[in-house]
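Structure first, then comments.
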Amino acid sequence: MEDVISYREAIAEGIAREMRRDPSVICVGEDIGAAEGVFKTTVGLFAEFGPGRVWDTPISEQGFIGAAMGAAMTGMRPVAELMFSDFFACCWDYLANEIPKVRYMTGGQVTVPIVVRTANGGGLGFGAQHSQAVENWAFAVPGLKIAAPSTPADVIGLMAAAIRSDDPVIVFEHKALFASKGPTAPLDHVVPLGKAATVRAGSDVTLVALASTVPTCLASASLLDGEGIQAEVVDLRCLIPLDMRTVLDSVGRTSRLVIVEENPYQGGWGGTVASIVADEGFQLLDAPITRVAGACVPLPFADSLEKHVLPSVERVTGVVRELIRRWS
Amino acid sequence: MIDAERLLSWYHMMVLIRRTEKAAQDLFLAGLVKGTTHLAAGQEAVAVGASAALRDDDYLFATYRGHHHAIARGATPEACLAELMSKASGLCAGKGGSMHLTHAARNMLGSYAIVGAHLPIAAGAAWSAGLRGTDQVAVACFGDGATNIGAFHEALNLAAVWRLPVIFLCENNLYMEYTPIASVTAVEHPAADRAAAYNLPGHVIDGNDVEVVYEAMSEAVARARDGAGPTILEALTYRHYGHSRTDPAKYRPQQEVQEWLARDPLLVTQSRLLALGVPKESLKEMQEQADKVVEAAVTAAKAAPEPELESAFTDVWADGGASWRT
């Protein structure tokens, strides 16, 4: 496997591919140009496309997210980088009130083909204001599409779909996955928004995962395999559109569902997945739906504490083991 | 110097706006408009003067007090009133309402009801014009109340450092909602006095004189088209109604109200037209014509059907639908 790429490199690669094919694609954000991003996720873009297409901004999230919206409404396809997803709170008006609503409330007169990419999630010890998994914030707002890739190839494919989409798309890039590696994607690889991937087949339990919890679930599934438990792992890849067909089909095969999400249990997206399965797939179930989620506390700094409150391989494995023991 | 014919056409537009706002108020009192409205009667000269200085392909962004801008940019009184009355024939198909009038056909790209939010958006439209190699400009019209919110300052700074072809046009009507802007702001002129902080030109102008607004806007637009960057204009004006429909505006001193009513933009323009030799009858004719247009608009809007219920599930996404899951 020679064509291996890191998740971090895949971000810049995915954007660059779209910038090459469509001159209306531009990048905007803090330290993304000559500095190539604080997470080095825009390496090479400034050198290849120059300051006319890769724009450094002041620390001014309302200013540049709002400006990106205005550019998107008038013929451009801006890709805005919000350095940390926690900073959504600094420009939430645009994500909650403006970008997702302007098409609807104008009766379809305008469209907003914007991508807002952001480094999301914990595991790197950045403390409570730089570690949150906030995909559920966006999930609470009708009018936003949400992608959260777990592999480098999906980063490239979902980035292509997001940038080509005429709808606003939030791309959550997981900080804990930046260093991970995988096969790169062939040219013109597009992963359509709203198509989950069954990344491991199994017959005993369905693990529904997103971004960082995909490798967690895969590791757990390997351990469980040694105990004779076959776990199927579904990588949602997107929260909106939400591919419930794939989830319900999987639960139809396994009859048990464990949802593994990094955002807090309180208000987490897993609650919606669980409610849909309860409404539409109750007859498929042989066990209660179970959620493994971030704890309902601000993210602690200390490594040991942070690990303790986020979903881990140990926790997922323990929960599945117990579920199978009680409901077989 | 503006010739009589041109000034007369502006007067006509101002009267049309005034009559539409009066109709909106009456429809409210009759229970035919739900929610709220923020009428711009008294501020017509700002909208008409600004639009007159723009090309059809320039961008304009307004606030929830934005009926005057929508009409000045070509939206019909009928489409506006139908929108207020929740009708399918409304400007936004009944999905926006009074606070979100939008007429994208003439690049009036929306009315925004979160104070100050549209200033960065307008800056973005101006940025996009440059990126696309056009010489379009963008205008953000906003109230005095927007000048103390972060988005105002972030937009000014970004527009200044990127030298964007954008005009920030403040309609300073002295009151944010119920509180005088002067009582909560550290400078005398809440928009223009901030210009220096962003190394931008800022001018205070008479917002009740349509010619003054037109001249100032024309200069700012020319500057923006020439690549010289943004301008802040602060147009002093006054609303004839309260902040919104539930506000009788009793907090405004009677003497102040009388002084401003004496400087009603329609009266200012009327005197100018009479001085230019336009006969009184022509003005009267114009008023009657506006009355007829607005009366017909009210009749048509009343008769228009309500939106189909299915339309609640259209136009969330660009494909026209609202589907969020499989």
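The values are calculated or read from the model by the stated rules, or taken from the named source; none is laboratory data. Remember, predicted model here, so these are calculated numbers, not experimental data. Every residue, glycine among them, receives a Cβ derived from its backbone with ideal geometry; neighbour counts consider all protein chains shown.
Annotations for the structure displayed:
- One residue from B:A155, B:A140, B:A126 being touching a residue at least 60 places away in the same chain (Cβ under 8 Å), surrounded by 24 or more Cβ atoms within 10 Å (Cβ to Cβ) and facing another protein chain (nearest Cβ under 8 Å): B:A126
- Any chance B:L109 is crowded, with 24+ Cβ neighbours inside 10 Å, farther than 18 Å from A:I99 by Cβ and not β-branched (V, I, T): no
- As for the range B:177-193, it holds no residue that is at the interface with chain A (Cβ under 10 Å from one of its Cβ atoms), on the phi < 0 side of the Ramachandran plot and buried (at least 24 other Cβ atoms within 10 Å of the Cβ).
- Residue among A:A185, A:A133, A:A179, A:A119 that alone is crowded, with 23+ Cβ neighbours inside 10 Å, in contact with a Ser or Thr (Cβ under 8 Å, 6 or more places away or on another chain), away from chain B (no Cβ under 13 Å) and assigned to a loop (DSSP other than H, G, I, E, B): A:A133
- Residue in the range A:299-311 that is among the β-branched types (V, I, T), surrounded by fewer than 24 Cβ atoms within 10 Å (Cβ to Cβ), more than 17 Å from A:A133 (Cβ to Cβ) and in contact (Cβ under 8 Å) with a residue 12 or more places away in the chain present: no
- Residue that is assigned to a loop (DSSP other than H, G, I, E, B), at pLDDT 95 or above and within 17 Å of the chain's Cα centre (by Cα), where the choices are B:Y214, B:Y238: B:Y238
- Failed criterion for A:Q109 (all others in (1) in a loop (DSSP other than H, G, I, E, B); (2) in contact (Cβ under 8 Å) with a residue 24 or more places away in the chain hold): (2)
- Residue match in the range A:81-89 (condition: free of Cβ contacts under 8 Å to residues at least 24 places away in the same chain and more than 11 Å from every other protein chain (Cβ to nearest Cβ)): yes
- Condition broken by B:Y11, with the remaining ones in (1) in contact with a His (Cβ under 9 Å, 6 or more places away or on another chain); (2) closer than 16 Å to B:D209 by Cβ; (3) assigned to a helix (DSSP H, G or I) satisfied: (1)
- Scanning the range B:223-282 for residues that are touching a Gly at 6+ places or on another chain (Cβ under 9 Å) and over 30 Å from B:S98 (Cβ atoms) yields B:R223, B:G227.
- Residue match in the range B:98-108 (condition: on the phi > 0 side of the Ramachandran plot, modelled with pLDDT of 95 or more and touching an Asp or Glu at 6+ places or on another chain (Cβ under 7 Å)): yes
- All of B:G96, B:G133, B:G110, B:G90 fail the test of being within 7 Å of chain A (Cβ to nearest Cβ), outside any helix (DSSP H, G or I) and farther than 14 Å from B:F61 by Cα, apart from B:G96.
- The residue that is farthest from the other protein chains (Cβ to nearest Cβ), among those in the range B:293-322 that are exposed (fewer than 14 other Cβ atoms within 10 Å of the Cβ) and in contact with a Gly (Cβ under 9 Å, 6 or more places away or on another chain), is B:E306.
- A:S222, sole failed condition from (1) outside any loop (DSSP other than H, G, I, E, B); (2) touching a residue at least 12 places away in the same chain (Cβ under 8 Å): (2)
- Breaking point among (1) within 13 Å of chain B (Cβ to nearest Cβ); (2) at pLDDT below 95, for A:E30: (2)
- Matching option when the condition is touching a strand residue (DSSP E or B) at 6+ places or on another chain (Cβ under 9 Å) and assigned to a loop (DSSP other than H, G, I, E, B), among B:A45, B:A75, B:A62: B:A75
- Residue within the range A:241-252 that is in contact with a helix residue (DSSP H, G or I) (Cβ under 8 Å, 6 or more places away or on another chain) and not aliphatic (A, V, I, L, M) present: yes
- Meets criteria (part of a loop (DSSP other than H, G, I, E, B), farther than 27 Å from A:P23 by Cα, in contact with a Ser or Thr (Cβ under 6 Å, 6 or more places away or on another chain) and not aliphatic (A, V, I, L, M)) for B:G116: no
- Qualifying position, being buried (at least 24 other Cβ atoms within 10 Å of the Cβ) and at the interface with chain B (Cβ under 7 Å from one of its Cβ atoms), among A:A148, A:A67: A:A67
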